[in-house]
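Peer 1: Shown below is the structure under consideration.
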Amino acid sequence: MNLGGIDLNLLVVLDALLVEQHVTRAARRVGLSQPAMSNALGRLRRLLGDPILVPGVRRKLVPTARAHALAAPLHRILGELGDALDPAPPFAPERTRRAFTLVTNDYMQAAVLVPLARRLSAEAPFVDLVLQPPFRYADWDAVLSGGADAALLPVGDTELPRGLHRRTLLIDPFVCIVRRGHPRVSRRLTLKTYLSLPHVVVSPGGVGGPSTVDKAIGQLGASRRVGLKVAFFNVAPLAVASTDFVATLPASLAHVHLRRLGLRAFPPPIEVPPVEHSLFWHDRTEHAAEHAWLRERIFAVASEAASRAKRSFTR
């Protein structure tokens with residue numbers, strides 16, 4: 001039978017008739033008048049080619065063999081459909097068991113998502129995070145395709161694909177880092193010293209044009225020597241800790257490594273605009289309680305990371 005050609009409300013009526021085996025009581029059960037229920041019963045008989053209910057003893061209606069065979073599966077299916085359409089139960093992070101997949105670079109993994117995992121271990125002990133690198137430096141394809149739940153990417157005013165949401169997550173100023181005991185840097189980092197030192201430069205994927213820092217230096221009519229080019233942000237502090245190189249990194253990332261690697265941080269001797277990261281998610285998760293909860297946790301942790309870095313570098 002083609003369900004598209006019938007009034008599915010008749011299935012609710014049929015279920016009530018088979019449960020009550022009485023037209024008046026069945027009418028009350030589904031909120032119809034008795035004449036409307038009698039009319040519906042007539043339509044059902046024509047649809048199924050079966051009388052459905054026939055007189056029994058003492059004027060009681062009894063189901064036919066066809067109706068009796070339909071009764072149990074019909075009642076079960078309608079019950080399952082009702083359960084599926086019920087409002088979702090309130091979201092309870094402490095009881096939720098699921099994994100969220102997030103796409104971002106290693107900088108945001110260290111500065112934001114590791115602290116996020118620490119917070120979730122207390123608030124939602126059965127929620128897992130799966131962190132994936134972007135295929136390109138600014139790539140949200142995984143979010144569009146459903147392969148990821150959200151992305152944390154350094155994308156500014158780029159026009160978004162349809163169905164994608166964006167909210168600024170973190171605006172991060174740059175700082176310069178060198179190792180403690182650096183022979184050429186004492187109380188401050190001058191422009192002359194900065195330009196004369198070999199630099200550690202992060203180039204995700206190893207491609208791309210001049211960086212933000214290179215453009216800022218170029219505006220001064222100067223250039224810098226790149227002593228080491230690395231593909232990952234978190235390699236740069238490791239390199240600086242064991243060399244006399246300098247690196248210019250986002251403050252929240254530098255803060256993660258300062259104490260543990262014995263580094264010192266200075267304001268850049270050039271004007272470098274901050275790096276902006278945004279959180280991206282798709283329409284399909286916009287109104288899901290668990291996704292909204294996770295997004296707010298990400299924003300809270302990013303704000304705390306920015307505040308810690310600011311306090312550290314303004315003392």
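Peer 1: Only one of 48, 41, 10, 32 is within 14 Å of residue 71 (Cβ to Cβ) and surrounded by 13 or more Cβ atoms within 10 Å (Cβ to Cβ). Can you tell me which? Can you show your working first?
Peer 2: Values: 41 fails: within 14 Å of residue 71 (Cβ to Cβ); 10 fails: within 14 Å of residue 71 (Cβ to Cβ); 32 fails: within 14 Å of residue 71 (Cβ to Cβ).
None of the other options fit; the residue is 48.
Let's see how each residue does on (1) modelled with pLDDT of 95 or more; (2) of a type in the set (Ser, Thr, Tyr); (3) in contact with a Cys (Cβ under 7 Å, 6 or more places away or on another chain); (4) closer than 24 Å to residue 143 by Cα:
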residue	(1), (2), (3), (4)
163	no, no, no, yes
195	yes, no, no, no
220	no, no, no, no
231	no, no, no, yes
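Peer 1: Take residue 65 and decide whether it is free of Cβ contacts under 8 Å to residues at least 60 places away in the same chain and touching a helix residue (DSSP H, G or I) at 6+ places or on another chain (Cβ under 8 Å).
Peer 2: Numbers: free of Cβ contacts under 8 Å to residues at least 60 places away in the same chain: yes; touching a helix residue (DSSP H, G or I) at 6+ places or on another chain (Cβ under 8 Å): no.
No; evaluated as a whole, the condition is false for this residue.
Peer 1: Looking only at the range 77-118, filter to residues that are loosely packed, with under 15 Cβ neighbours inside 10 Å and charged (D, E, K, R); which one of those is nearest to residue 231 (Cα to Cα)?
Peer 2: Selected residue: 118.
Peer 1: Report whether or not residue 243 is in contact (Cβ under 8 Å) with a residue 12 or more places away in the chain, part of a loop (DSSP other than H, G, I, E, B) and among the hydroxyl-bearing types (Ser, Thr, Tyr). Break it down stepwise before answering.
Peer 2: Numbers: in contact (Cβ under 8 Å) with a residue 12 or more places away in the chain: yes; part of a loop (DSSP other than H, G, I, E, B): yes; among the hydroxyl-bearing types (Ser, Thr, Tyr): yes.
Taking the combined requirement at face value, the residue satisfies it.
Peer 1: Sort through 74, 70 and tell me the only one that's free of Cβ contacts under 8 Å to residues at least 60 places away in the same chain, outside the structural domain of residue 306 (by TED's automatic domain parsing), in a helix (DSSP H, G or I) and crowded, with 16+ Cβ neighbours inside 10 Å. Please lay out each step first, then the result.
Peer 2: Numbers: 74 fails: free of Cβ contacts under 8 Å to residues at least 60 places away in the same chain.
None of the others qualify; the one that does is 70.
Peer 1: Can you tell me which residue among 265, 302 is in contact with a strand residue (DSSP E or B) (Cβ under 6 Å, 6 or more places away or on another chain), among the aliphatic types (A, V, I, L, M), crowded, with 18+ Cβ neighbours inside 10 Å and in a helix (DSSP H, G or I)?
Peer 2: Values: 265 fails: in a helix (DSSP H, G or I).
That would be 302, the only listed residue that is in contact with a strand residue (DSSP E or B) (Cβ under 6 Å, 6 or more places away or on another chain), among the aliphatic types (A, V, I, L, M), crowded, with 18+ Cβ neighbours inside 10 Å and in a helix (DSSP H, G or I).
Peer 1: As an exercise: evaluate residue 27 against (1) without any contact (Cβ under 8 Å) to a residue 24 or more places away in the chain; (2) assigned to a strand (DSSP E or B); (3) surrounded by 14 or more Cβ atoms within 10 Å (Cβ to Cβ) and give the number of the one condition it does not meet.
Peer 2: Result: residue 27 fails condition (2) only.
Peer 1: List pairs: first in the range 140-151 and at pLDDT below 85, second not in a loop (DSSP other than H, G, I, E, B), Cβ under 8 Å, 6+ apart or cross-chain?
Peer 2: The qualifying pairs are 140/103; 140/151; 140/153; 140/164; 140/280.
Peer 1: Assess whether residue 294 counts as being surrounded by 15 or more Cβ atoms within 10 Å (Cβ to Cβ) and either under 31 Å from the mean Cα position of the chain (by Cα) or over 24 Å from residue 198 (Cβ atoms) (or both). Can you show your working first?
Peer 2: Working: surrounded by 15 or more Cβ atoms within 10 Å (Cβ to Cβ): yes; either under 31 Å from the mean Cα position of the chain (by Cα) or over 24 Å from residue 198 (Cβ atoms) (or both): yes.
Criteria met by residue 294.
Peer 1: Could you check residue 137 against (1) farther than 23 Å from residue 312 by Cβ; (2) at pLDDT 95 or above and say which number it fails?
Peer 2: Going through (1) farther than 23 Å from residue 312 by Cβ; (2) at pLDDT 95 or above one by one, residue 137 breaks only (2).
Peer 1: What's the total number of residues in the range 104-131 that are over 27 Å from residue 258 (Cβ atoms) and within 14 Å of the chain's Cα centre (by Cα)?
Peer 2: Residues that pass the stated criteria total 3.
The values are calculated or read from the model by the stated rules, or taken from the named source; none is laboratory data. Small disclaimer: the values here were computed from a predicted structure and weren't measured. With ideal geometry, Cβ positions are generated from the backbone for all residues, glycine too; neighbour counts draw on all protein chains shown.
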